[in-house]
Each structure stands twice: as structure tokens, then as C-alpha cells.
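The values are calculated or read from the model by the stated rules, or taken from the named source; none is laboratory data. The shown structure was predicted, so the numbers you read here are calculated from the model rather than taken from an experiment. All Cβ positions, even for glycine, are placed from backbone atoms using ideal geometry, and neighbour counts span all protein chains on display. Note: areas computed on protein heavy atoms with side chains; ligands, DNA, RNA excluded. Shrake-Rupley method; radii C 1.70, N 1.55, O 1.52, S 1.80 Å.
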Amino acid sequence: MSRRIVLSAAAGVVVLGGAGAFALAHAGDRPPAPAHSTARYTAPDGDRDGSLTFTTDVTASFDVKSVKVLAWPANSSFAKKGLTAKDMAAAEPAVCKPSGRDTERCTYKVTVTRADADGSPRGLWHVAVLTTAKDGDTTLDTKAADFTR
């Protein structure tokens, strides 16, 4: 075989191998994805406060930077206009802990006083979650979980 053919074949293998490695590396890049989300609401009873607990598993190619949570009534203005990432700016953070290779278990818990319960609408509520990875990718799930109050 001529030297020119051998060099061309070797260069082709290097180029194809590099392209394949690049494709595999970027195929693994994915925005943060919440999954298996649950919400549990416990109403205040007598002199005992209630609570709202939201839990989700977030999988991301890069570490999770933040998870913000917002509970909103199904009959609110968000139902008409839609909830945006900008609306989530002031939402409260969840606490996240590693629970797998690329996954973190995130939990948000808040106390619900009698005054809180009396001042909020009854019926179906949604829990929105905005997840942000350390590389800046974000995912907004406006109805990650539901509960009835």
C-alpha cells in the first residue's frame, strides 16, 4: 500500500473517532429534568400548624445549581396567562442532596398556619418547579405536582 493511502486512512480514522467522541459527549448533555414529583398538603388542625411538602428527583448532566418551588391555585391568574421563569424569580428554594450518579433529591417544606390556610383559596393547586444546572440550563415545569387544599 502506498504511504499516501495509509496516511489518508489514518487521518480519516482520527477525524471519525474525534467526531464520534464529540457526539457522545454532547449526547449526554441534557437540561435539568425534574421527575417523580410529589406534593403533600396537611391542613392545620386545632392549634397544630399544617405543612406543604414537595419532593422531586432532578437529573442533570451538570450539577444542579438551584431548584425553586412555587405552589399556585389552579384558578389563579397563572392559569390564564401562564407561569414563566421570570415569575419564579422570587420563588423559594428547595434543599437538594445527591441521590445517584447524575440525580439529586430535592425537598421543599413549608409550615402552613391557620391564618395562611384561611387566607388562601380552596381547591386544586399546582406546584411549579424551576430547575437550574450549574452550566446555566434551566427547565420550568409549571405543573410538576398537584394537591387539593
Set of aspartates and glutamates near K80 by C-alpha distance (under 19 Å), chain-local residues within fewer than 8 positions excluded:
D141, D146
Label E92 and T111 with points 7 Å out from Cα along Cα→Cβ: what is the distance between them in nm?
1.1 nm
If Lys and Arg each add +1 and Asp and Glu each add -1, what is the summed charge of the other residues whose beta carbon sits under 14 Å from the beta carbon of K134?
-4
Sites matching chymotrypsin sites (Phe, Trp or Tyr not before Pro) across the range 44-111 that sit in DSSP coil, with at most 16 neighbouring C-beta atoms within 10 Å:
F62
Counting Lys and Arg as +1 and Asp and Glu as -1 over every other residue whose Cβ sits under 12 Å from the Cβ of Y108, the net charge comes to +3
Potential extension, S66-R30 segment - 0.36 nm per residue separation minus Cα distance
11.4 nm
Once you have the Cα-Cα distance between T38 and K80, take 0.36 nm times their residue separation minus that, and quote the gain in nm to one decimal.
12.8 nm
Loop-located trypsin sites (Lys or Arg not before Pro) in the range 26-101 whose Cβ has at most 11 other Cβ within 10 Å (DSSP):
K86, R101
Share of the range 77-140's accessible area from carbon and sulfur, percent, 1.4 Å?
52 percent
Among the lysines, which fall within straight-line cross-link reach of K68, defined as a Cα-Cα distance under 18 Å, with same-chain neighbours fewer than 8 residues apart omitted?
K86, K97, K109, K134, K143
Determine the per residue accessible area of the range 48-149 with all protein chains present and a 1.4 angstrom probe, expressed in square angstrom.
55 Å²
